[in-house]
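For reference, the structure discussed in these notes is given below.
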Amino acid sequence: MKHFILISLVLAACHTTTAPQSPVAADLSARRAQMLAWLDEYVEAGKFPEDAQGNPMSVFRDARGVRCPMAELIFRSGRADLVDAVAETHNDLRLADVHDGPLYTWIETSGLSQDEVAMIQGAMTVEEMRGIENGVLLQTANADAVKRANEWGQVKGHLATAEVALKNASKRAPVHVSRN
C-alpha cells in the first residue's frame, strides 16, 4: 500500500496541467511570435540605417529609407504612420523613453515588453557610436574600413544577442498582459 501511495504521489507530481491561455494572452503570444519572425528576417537581410559615409547610424529611418529594427517591426505591423511621425519629428527617439501615446500603446500590444523593445532598438546608441569614434583604431592603411567593419559587427552582434534572448524568454515565460 505504501508503494502504491508513493507511486501515486510521484505520478501526480509529474503530471502537470497547463491552464488555457486567455484570448488576450494568446493574441499577445501570436504577436510576439510574429515580431520574432520579422526581426529574424530583418537581421538576415542585413540592411541597417547608416550615414552618408556608410557608418551605422542610430535613427528610426536613415536618408535612404532604411528603418532601424524597431521601426521595421512597427512598420511591418501596419503602423507606417508611427514610423513616419517619429522619423519626421524625433528621428533619434529611444523607445525606452516612451511612456504614453500611440507608440506606447503599440509597445503594450506588440507582444514584447518595453525592456525587450529597448534591447532590440539599442543596437547602436549615440553614446556607443561616440565611443567607437573616439576609440583607438588599428594603425593600418585601411583604418576606416576596419572601423566600419567593427561598427557593423557590433550592430549585428547586438541584434543576434537580442534575438536569442527574446526566443529564450518566449520559451520559458508566458506573455504578461499589461494592466494599465
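Just so you know, all these numbers are worked out from the coordinates, no wet-lab data involved. Bear in mind the structure is a predicted one, so any value in this text is a computation, not a measurement. With ideal geometry, Cβ positions are generated from the backbone for all residues, glycine too; neighbour counts draw on all protein chains shown.
A few comments on the model shown:
- Arranged from fewest to most other beta-carbon atoms within 10 Å of their beta carbon, 159, 112 become 159, 112.
- With neighbours defined as other Cβ atoms within 10 Å of a residue's Cβ, the residues 90, 99 order from fewest to most as 99, 90.
- Neighbour-count ranking [beta-carbon atoms within 10 angstrom, fewest first] of 119, 70, 57: 119, 57, 70
- Rounded FRET efficiency, nearest 0.05, which uses the C-beta distance separating residue 109 from residue 52 and R0 of 30 Å: 0.25
- Scanning residues 5 or more positions from residue 61 or on other chains, those with amide H under 5 Å from its amide H are 68, with H placed 1.01 Å from N in the peptide plane.
- Reach of residue 167 by Cα under 19 Å, taken over aspartates and glutamates that are not fewer than 8 positions away in the same chain: 27, 40, 41, 44, 72, 108, 115, 116
- Label positions at residue 164 and residue 29, each projected 7 Å from the Cα along the C-beta direction, are separated by 2.6 nm.
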